[in-house]
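Here the structure is laid out as structure tokens; the discussion comes afterwards.
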Amino acid sequence: MSGVTRCGFAAIIGAPNAGKSTLLNRLAGQKLAIVSPKPQTTRFRVLGIVPREGAWGRAQVLLVDTPGIFSPRRMLDRAMVRAAWTGATDADITLFLVDAERGLADDVRTIAARLREAARPVWLVLNKVDLVSPPKLLPLTAKLNELTPFGETFMISAEKGDGVETLLDRLAAAMPEGPFLYPEDELTDQTDRLLAAEIVREQIFRQTHEEVPYGTTVETEVWEEKPDGSVVVRLAICVAREGQKAIIIGKGGARLKAIGAAARTELAKELERPVHLFLTVLHRPGWDEEKDRLRDLGLEPD
């Protein structure tokens, strides 16, 4: 094995629901980004720090999960899309993740055409190939390469793990030579406070419907370490419209209890210690146009 060290950034971009967060979690070997069946779940960049060793030496692959690229309306939407393109511009390699089952949709065409102007390598990663008959994959790959000539092409299932190890090996070998940028025992730069808020937001996406998840944000207000090793976490769920507050709470508080119970279990699993979780719901109209709130999420407002 070579004594060379390598370190670089690989940004994962694509249309909403292509499986970007699922791929990040699979490559990192643990949950770093929340996932749901609904599009636009990811709102800000999530960093996964993945070590890899091989004939190329020792590598630290810095994976950046970005929000899905779509047609923005709100300030929040515009900041999300801008964060995705910034991640692609700043990365050493961009992974264009395409839902193979969905195929060459209009938004995929638009993203592919813009990636043609990229100054750095762009690789095509077809996801969910286990759901598509093999004869359909090669024509899809050919059409995408007509829009943008990709440096490499991979066919994977982020959900099942098929092809992911090969992708990670190629990424590690392609990283530029240089020292590691993060301590070797770190997995992400995401704080536990932000993780708690995201896990609650994930349950809101899973347990509510229509516009409710998109009109909601979650903030960690209190994080209190207890002598017995447990932690007390108090979070505020902020909704854009008054009617959404009643939906989040549910009849007799049933839905809020269900959201809290599922989030508590998940957070305790991720933190590997007992968690005392308390939720409140607040009506906060216009939160998605608040520049300070967007900056707290690591987004750059208009």
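The values are calculated or read from the model by the stated rules, or taken from the named source; none is laboratory data. Here the structure is a predicted model, which means the values were calculated and not measured. Counting neighbours? That spans all protein chains shown, and the Cβs are built from the backbone with ideal geometry, glycine included.
Annotations
- Subset of segment 257-299 [surrounded by fewer than 13 Cβ atoms within 10 Å (Cβ to Cβ) and either of a type in the set (D, E) or in contact with a His (Cβ under 6 Å, 6 or more places away or on another chain) (or both)]: E272, D292
- The residues of segment 260-293 that are assigned to a helix (DSSP H, G or I) and closer than 15 Å to G215 by Cβ, listed by number, are W287, D288, E289, R293.
- Members of segment 233-256 that are in contact with a Gly (Cβ under 7 Å, 6 or more places away or on another chain), buried (at least 16 other Cβ atoms within 10 Å of the Cβ) and either at pLDDT below 95 or over 15 Å from A197 (Cβ atoms) (or both): A240, Q244, L256
- Here E152 does not qualify as assigned by TED's automatic domain parsing to the domain that holds V46 and either loosely packed, with under 15 Cβ neighbours inside 10 Å or in contact (Cβ under 8 Å) with a residue 60 or more places away in the chain (or both).
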